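For reference, the structure is listed below as structure tokens.
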Amino acid sequence: MNKRKWILLIAALAVIAGVVAAQYTPWLYWTFLPKDQIDEIVGEASGETALSTIIEINGYNRDRLSDEYAGPFQETQVILKRLKQYGVSAELVTFPGSEVWDAVKGELWEVKPKRQKIASMRDMVPMLASGSQPTDVTAELVWVGRGTPAEIDAAKVEGKIVVTEGSIGQVHNYACQQKGALGVIVISQSRPYFDPLQMTWTGVGGMRGGQRGQQPPAQPVQTPPPPPAKPKFGFQLPVREGDFLKLRLLANEKITVRAQVDSKQEKYKNEDIVALIPGTDPNAGEIIFSAHLFEGITKFGANDNTSGSASILEVARVLNTLIQEGRLPKPKRAIRFLWGPEIGGTGMWVKANKAIMDKTLCNINMDMVGEWLSKNQGFMCLMRTTYGNPHYVNDVMENYYRYIGEGNRERVQNRADFYKVPVRIVAPFGADEPFYYSIETHYGASDHEVFNDWGVRVPGVMMIVWPDRWYHTSGDLPDKSDATQLKRVAAIGAAGAYTIANADDNMAVKIAGEIASNAARRLGHQLVVGLETLNRAEAKTLLDSYKAARAFVEGAMVNEKDTLDSVLQLATDKANVAAYIAQMKKSVDAISAAHLATLQTHMEAMAKKLGTKAVKIELSDLEKKAMKIVPKPTAKVTGEVHQGYQKYLSQVPQAERAKFPYAGELFTTNELQLLINGKHNVLELKALLDAQSQRKSTIQGILNYLQILKIAGLVEY
């Protein structure tokens with residue numbers, strides 16, 4: 001090993017050691033905001049106020065009554081009322097809606113051999129499965145076990161009501177739609193070991209509240225699917241009660257029941273609430289909070305997502321109060337708040353407000369944030385942006401997660417006298433427990449994906465508790481929420497947004513410095529991932545493993561430098577801040593070079609262990625070609641905002657698509673689209689994709705998809 005390699009290796013190890021040592025500073029806690037400002041925010045934040053909003057909106061599993069569909073919905077009324085009470089300017093914006101199934105009556109009574117009630121939506125709304133159609137039928141019950149086709153066939157279900165522990169949708173589709181059963185009773189198997197009384201929000205004609213929204217496919221469906229058969233009905237029992245029915249049927253007892261269902265279709269409008277705390281400079285940009293107030297129209301949940309809606313409301317109250325009372329200076333940039341139906345309602349508002357999106361710096365989305373952490377056995381997670389949307393909002397939010405997390409954690413007993421909890425943040429009537437938190441890689445499936453969309457390009461992060469033991473069940477009630485958690489969440493959100501909203505050049509430099517520091521830690525992690533990739537190599541796979549190991553570091557390096565570049569958004573004296581950022585980028589380059597040298601050293605050691613020659617990376621003709629192609633998006637991408645570019649993709653003829661296959665060749669087309677920024681060549685795009693996924697993308701797959709985008713007029717190169 002030559003002298004230069006030794007120096008780089010030592011530098012890499014020093015960086016890793018420095019990152020580890022930085023975790024052992026229990027005497028030092030810091031935030032971007034000065035201590036007097038963060039203390040004002042923490043002190044003003046009220047978990048009890050946020051919890052009262054959750055209780056008022058979603059204190060129980062309720063049935064939405066007909067008069068609400070005329071609007072506004074109860075949730076909307078509560079948020080608007082409280083915003084007015086807090087003195088925050090707000091408006092209600094409606095968009096065209098649709099129709100939704102709504103229950104009127106759902107009763108299931110045993111009539112033979114005895115008279116007793118088995119299930120009623122009046123007792124618990126989710127007992128009646130969504131999509132159930134009007135009926136009044138008396139029939140015998142039949143047990144079908146897990147509800148496999150074989151079990152259903154053997155049970156001879158025609159003209160009977162089946163009872164199962166399987167999937168209500170799958171059993172309904174086979175037993176009712178194909179084998180003549182009249183309806184389904186399902187014994188809920190949603191995590192029964194710790195809560196035998198909870199039931200999922202589920203249905204026989206589509207999910208009651210809908211699943212978390214998904215992006216539409218990148219290519220059109222050529223043949224529309226046939227219309228689904230008309231659903232019948234379904235009831236659901238919690239496992240504790242269902243077991244009594246199950247045991248009777250397994251003992252071959254003949255049970256006859258009467259099922260009475262009444263339901264109808266209700267028309268509704270999509271309701272979005274928009275509130276604004278104005279900035280002093282209308283041209284300086286905005287930060288936008290989002291939380292879905294509706295997850296479907298007839299599904300309810302205290303933590304999912306009334307807690308997110310209540311928390312951004314509390315952020316609005318806290319910041320407005322502090323600014324109006326002069327306890328915080330008026331921010332330069334505006335802070336906007338958006339409540340609406342999940343993804344769909346958010347997308348409608350974003351699409352209708354392109355001018356606002358063009359000046360929005362970032363999005364902070366809150367989804368399921370109020371959970372009592374120890375009760376749910378969950379972590380307060382920060383889901384970062386992907387490499388396709390690099391942004392300083394990730395590190396700003398992490399700063400406050402760390403401040404509250406490290407300042408409110410358990411200390412081992414022999415250190416308690418030396419390092420007491422220094423920044424205790426506990427609600428008066430909340431849990432006094434550590435703040436269990438986790439900084440995660442990107443995860444979508446919520447409203448921040450509307451902002452992260454290729455047509456919007458507003459970097460969005462998500463605050464979310466996961467896991468949640470009562471997720472999408474009847475057990476998602478306010479008793480699973482915690483005032484302390486809500487206070488901490490509101491403090492993090494308010495501090496993060498205000499830091500960005502009022503950032504000047506000095507704050508920009510401070511943020512860039514912390515990004516560079518965090519980059520050293522993140523790059524260190526990618527180094528160890530690369531080392532482990534090499535550890536698992538065989539002689540015949542050593543070259544591919546070495547390429548993959550380098551991609552982890554190289555992709556992360558590009559992302560860290562792009563993240564540093566994003567800080568220029570905040571700068572007034574751009575030349576001065578840019579000079580500082582340039583130096584931080586050199587630091588990232590040096591760390592990356594040291595890590596790559598370390599990987600080469602480890603590869604050589606692995607080659608010796610495997611009894612083969614050290615490998616050398618030589619660019620193929622395809623890789624050389626890839627290095628010369630630097631794609632950039634056209635104006636069509638963002639011209640029609642959220643998902644607007646999809647129409648251009650759908651216009652690409654199937655014959656043209658067939659010439660450029662990419663299925664199975666890409667980690668994800670959505671992320672590849674986001675990575676196209678006119679700065680990175682195709683080889684770098686591959687590294688950026690590979691660094692984020694176990695499944696590797698091929699250069700040819702990337703080139704093929706780029707060609708389709710080019711035909712669609714969405715990229716040029």
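Remarks
- Residue within the stretch 390-410 that is buried (at least 23 other Cβ atoms within 10 Å of the Cβ), closer than 30 Å to residue 270 by Cα, more than 15 Å from the chain's Cα centre (by Cα) and at pLDDT 95 or above present: yes
Table: residues versus (1) among the aliphatic types (A, V, I, L, M); (2) part of a loop (DSSP other than H, G, I, E, B).
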| position | (1), (2) |
| --- | --- |
| 262 | no, no |
| 265 | no, no |
| 282 | no, yes |
| 289 | no, no |
| 298 | no, yes |
| 318 | yes, no |
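- Exactly one residue among 579, 551, 614, 605 is under 19 Å from residue 525 (Cβ atoms) and not aromatic (Phe, Trp, Tyr), and that residue is 551.
- Qualifying residue in the stretch 544-563 (condition: farther than 25 Å from residue 390 by Cα, part of a helix (DSSP H, G or I) and not hydroxyl-bearing (Ser, Thr, Tyr)): yes
- Of the residues making up the stretch 637-663, those that are crowded, with 17+ Cβ neighbours inside 10 Å and under 30 Å from residue 352 (Cα atoms) are 637, 638, 641, 642, 643, 644, 645, 646, 648, 649, 652.
- Looking only at the stretch 64-87, and only at residues there that are surrounded by 15 or more Cβ atoms within 10 Å (Cβ to Cβ) and among the acidic types (Asp, Glu), the one that is nearest to residue 511 (Cα to Cα): 75
- As for the stretch 20-31, it holds no residue that is part of a helix (DSSP H, G or I), farther than 17 Å from residue 401 by Cα and either at pLDDT 95 or above or not aliphatic (A, V, I, L, M) (or both).
- Looking across the stretch 156-206, the residues that are closer than 28 Å to residue 301 by Cβ and of a type in the set (Gly, Ala, Ser) come down to 166, 167, 169, 183, 188, 190, 203, 205, 206.
- Some residue of the stretch 578-597 being of a type in the set (Asp, Glu) and farther than 17 Å from residue 517 by Cα: no
- Residue under evaluation residue 697, criteria (1) under 24 Å from residue 563 (Cβ atoms); (2) touching a Leu at 6+ places or on another chain (Cβ under 9 Å); (3) part of a helix (DSSP H, G or I); (4) among the polar types (S, T, N, Q), criterion not met: (3)
- Selection within the stretch 612-636: residues that are hydrophobic (A, V, I, L, M, F, W, C) and within 37 Å of the chain's Cα centre (by Cα). The member of this set that is surrounded by the most Cβ atoms within 10 Å (Cβ to Cβ) is 626.
- Qualifying residue in the stretch 464-474 (condition: modelled with pLDDT of 95 or more and within 24 Å of residue 317 (Cβ to Cβ)): yes
The values are calculated or read from the model by the stated rules, or taken from the named source; none is laboratory data. Everything quoted here is computed from the prediction, not taken from an experiment. Glycine also receives a Cβ, built like all others from the backbone with ideal geometry; neighbour counts cover every protein chain displayed.
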